[in-house]
Amino acid sequence: MGNPLEITDLVYKKNQKKIITDLNLTLKPGKIVALLGENGAGKTTLMRIISGVAKNYRGTVKVASFAKEADRKAHLSFTDGLTGFANSTKINDIVKFYQILYHDFSLKQFEQLRKFMNLDSDMRLSEMSKGMKEKLVIALTFSRKTDLYLLDEPFSGIDAMARKKIIKSIILWKQEKSTILVSDHFVNEIAAVLDEVVIIKNKTVCMHKSTEAIRADNQSVEEFYESFYQREEDE
Amino acid sequence: MAIFNRYFTVLFRLKTKWISILLIIQTVASFAMSFFNFNNGHVYINRTIFSNFFTLWLTIFVVSAWLFTGIFYLTTCFQNERVSKSQTWRLVPIDDKKLYFDNILSSFGALLFFVILEIICTLILGVVTFTFDSQFHTVIIEMFTDIGRHLQQVDLEIMFNFFGAIMMAILCAFFGYFIISFLNYSSRALLDFLPQALSKAYFRVITVFVIILIAWLAIKANDIGLQIISFPFRFMMGETTGTNDDLALALILMLVINLFFWLLDTILFSKFFEAREGK
């Protein structure tokens, strides 16, 4: 297996507006990487391009050395909002969907995660709060054994206590060689588990640094992120 | 191939989810309509009234079957487009071309299943009516005798007409799916391409322009291309001589039109049509 993610010269336009320009990014196996940037910076778009649901882009995107969209989808797990299911759908039915269509889905792993998240498998989507749905999405995402996990603001609706518990446990759920790319606004909360930070600004990756290097400069990840924007504004 | 079959199975289950409810509604509605139409609502139960009631119920059931098949067909069209734009369905590791074909094929499979269930329900109701209504009993026996007599005269031409008509119905069902997808994908691709602030206004202008263009073409154009494309539809409207040659030509042209739109939809779907952001 090659690198879990390799992006070369990525350009994406929508409505005649450039959203991503000349983006290059390579992630090594076994890392937890934060994807940071302002609202509208293109974090979600980038994840959608990687997972093959956004179209009409230029450049090369490879997941575990695979460039074809179907192969990429097979080697990554993306936090989807489950919008394809009716509100009356039970968790059990969603699990069946995953079992049938994803060969790497582990029911055993899901059951462990479901219990950890305190979710009842007979619950319907309509009966769940935003936070509960997000917990379910995280459980489903990590029940697949893939090379790359894409987590797009996965904790925004989850209460503070549960969020801390989940973030601490993420490292246990992923396989040793798998890489996680996570975009989130709670930088300080995820900082403890991060290996690298990627900042998107001006439609491209403008900073890719290891947390080790950041800490070596006597800065926390949050301070680094804030000072990065401050510096840019001052300039 | 394995993922293609598994995806088909899941889509087929999704699209046939409401079949039982639809059939129950049809059965109960046709029963209620028969009941209230029967003898102005004043039902005096005797054997004749009882048997006639079943005949009326069967008739209303058969007539409403067309309406319910149409409704079911429309729901499959709607579900096709819902699946196409859903991020949940698009994230499944299957090639977009196969996904599109799976989606259309499962809709057609569901439609076929619905038609078979309609036939089975009609047969059950038919057997009940056959048992209770002596008049209906006689008519059916006479009809089968007639059919038996005519079967000896069935030649290749009649067989061709029969299977040709079925084939045309199948091609028309596919045509509906393809054309709805085409309108959905092309308009979405256009909206994604045009500048955001102006795209809605542009889109309206372009839509009006396209409608005017189509209307003008339909009325004015006499060229061979339009004649060819419109032939299957003119055949179905009874505007051609209606010979076997016409049917064959109509079938071939309908097949070519379907293949053309299938190809076009596949390209639009795999290259330009994005799934909606699912958060």
Set the Förster distance to 30 Å, then compute FRET efficiency between A:Ser121 and B:Phe78 from the Cβ-Cβ distance, nearest 0.05. 0.55
Estimated 222 nm signal from helices in the protein assembly as shown, with DSSP H stretches of n ≥ 4 weighted -39500 (n - 2.57), rounded to 500: -21000 deg cm²/dmol
Per-residue ³J(HN,Hα) for the stretch A:64-72, Karplus 6.51 cos²θ - 1.76 cosθ + 1.60, θ = phi - 60°, Hz, x for Gly and Pro: 6, 6, 9, 9, 5, 4, 5, 5, 4
Net charge of neighbours whose Cβ lies under 12 Å from the Cβ of A:Asp93, counting Lys and Arg as +1 and Asp and Glu as -1: +4
What FRET efficiency do you get for B:Arg276 and B:Lys17 if R0 is 25 Å and r is their Cβ-Cβ distance, rounded to the nearest 0.05? 0.70
Within the stretch B:128-157, find all residues whose amide N lies under 13 Å from a label point positioned 7 Å from the Cα of B:Thr59 along Cα-to-beta-carbon. B:136
Using only atoms on other chains, find how many Cβ atoms lie within 10 Å of each Cβ of peptide A:14-22 and report the average. 3
Work out how much length A:Asp159 to A:Lys28 would gain on full extension: take 0.36 nm times their residue separation and subtract the Cα-Cα distance, in nm to one decimal. 44.0 nm
Obtain the nm distance between the two label points defined at A:Glu38 and B:Tyr202 by a simple spin-label model: each point lies 7 Å from its Cα along the Cα-to-C-beta direction. 2.5 nm
Alpha carbon centroid spacing (whole Å) that separates the stretch A:157-226 from the stretch A:40-67: 20 Å
Can you pull the mean other chain C-beta count within 10 Å for peptide A:41-54? 3
Taking a point 7 angstrom from the Cα of A:Gln219 along the C-beta vector, which residues in the stretch A:173-213 have backbone N less than 15 Å away? A:188, A:196-201, A:206-213
Order by protection proxy (mean Cβ within 10 Å, highest first), peptides B:117-127, B:142-152: B:117-127, B:142-152
Protection-proxy order for peptides A:134-140, A:9-15, A:30-36, each taking the mean of Cβ atoms within 10 Å per residue, highest first: A:134-140, A:30-36, A:9-15
Alpha-carbon centroids, the stretch A:137-155 and the stretch B:115-170: separation in whole Å: 56 Å
Expected unfolding gain across A:Lys145-A:Thr21 under the 0.36 nm per residue rule, minus the alpha-carbon gap, is 41.5 nm
Per its Cα gyration tensor (rounded if a/c is under 1.5, else prolate when a/b beats b/c, else oblate), the stretch A:96-199 is best filed as oblate
Given a Förster distance of 35 Å, the FRET efficiency implied by the Cβ-Cβ spacing of B:Ile252 and B:Thr27, rounded to the nearest 0.05, works out to 0.30
What is the distance, in nm, between label points placed 7 Å from the Cα along the Cα-to-Cβ direction at B:Asn37 and at B:Val139? 1.2 nm
Taking the simple approach of a point 7 Å from Cα along Cα-to-Cβ for both A:Thr8 and A:Gln109, what is their distance in nm? 3.0 nm
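FYI, it's all coordinate maths here, none of it is from the lab. Bear in mind the structure is a predicted one, so any value in this text is a computation, not a measurement. All Cβ positions, glycine included, derive from the backbone under ideal geometry; neighbour counts span all protein chains shown.
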